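> First the structure, which I've put down as structure tokens, then a few questions once you've had a look.
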Amino acid sequence: MNDFFALIVSWVESTHIPDQVKDVDIVGLFSNPWFLVPFIFAVGYLLFKQSWKDLILIGIFIAVWWVSGTEYMDTLVVGDELQINKILPVLFGGAAVLGFIIYMFFGRSD
């Protein structure tokens with residue numbers, strides 16, 4: 001089983017996807033018509049279909065992406081030490097978002 005996970009980790013490292021995601025220019029992305037037109041079309045379609053769960057998930061994804069690039073996230077690890085007083089709000093915030101997503105999909109009916 002560890003070989004399977006090691007294979008996945010080595011494949012992700014070989015694709016350089018984490019580096020590519022980290023180096024994305026957000027302002028450039030949201031001003032690029034090749035991204036913006038399909039994104040607006042998809043959001044408009046989801047609004048037309050009243051697919052609120054999908055719209056909320058897109059909003060959560062964009063919010064988590066934005067928060068991960070803030071100065072606060074850059075200061076979570078100083079040197080080789082994890083700052084426990086700064087990581088706890090991130091953990092509780094992530095748990096709250098995960099709890100909300102679980103509630104949204106499994107806790108209530110439409």
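Coordinate-derived values only; no laboratory data. Being a predicted model, the structure only gives us computed values, none of them experimental. Glycine gets a Cβ as well: all are built from the backbone with ideal geometry, and neighbour counts include every protein chain shown.
> Under a 10 Å cutoff between Cα atoms, tell me which one of V78, V64, V24 has the largest fluctuation in the Gaussian network model of the chain.
Maximum fluctuation in the GNM of the chain, among the listed residues, is at V78.
> Grab the other residues whose beta carbon is less than 11 angstrom from that of L46, score K and R as +1, D and E as -1, and report the net.
Computed value for this residue: +1.
> For the chain, go through all pairs of different Cα atoms, get the mean of 1/r, take its inverse, and jot down that Kirkwood value in Å.
It works out to 17.3 Å.
> Also, quick follow-up: Please give me, ordered by residue number, the trypsin sites (Lys or Arg not before Pro) of region 20-110 that lie in loop per DSSP and have at most 14 other Cβ atoms within 10 Å.
Those satisfying the criteria are K49, R108.
> Now, a different point. Rounded if a/c is under 1.5, else prolate if a/b beats b/c, else oblate: with a ≥ b ≥ c from the C-alpha gyration tensor eigenvalues square-rooted, which is region 29-92?
Here region 29-92 falls in the oblate category.
> Another question about this same structure. With each pseudo-label sitting 7 Å past Cα toward Cβ, what's the V78-V9 distance in nm, one decimal?
Label-label distance for V78 and V9, simple model: 2.8 nm.
> Applying 1/(1 + (r/R0)^6) with R0 = 35 Å to the Cβ-Cβ distance of I56 and V21, what FRET efficiency is obtained, to the nearest 0.05?
0.95
> DSSP loop (so not H, G, I, E, B), at most 13 other Cβ within 10 Å: list which chymotrypsin sites (Phe, Trp or Tyr not before Pro) in region 3-110 pass both filters.
Passing both the DSSP loop test and the Cβ count: F30.
> Now, a different point. Within 14 Å, Cβ to Cβ, of L29, how many net charges do the neighbouring residues add up to if Lys/Arg are +1 and Asp/Glu are -1?
The answer is -1.
> Let me ask you something else. Can you pull the one-decimal nm distance between simple spin-label points at L36 and M1, each 7 Å off the Cα toward Cβ?
For L36 paired with M1, the spin-label model returns 4.8 nm.
> If R0 is 22 Å, what FRET efficiency do you get for Y45 and S68 from their C-beta distance, rounded to 0.05?
0.25
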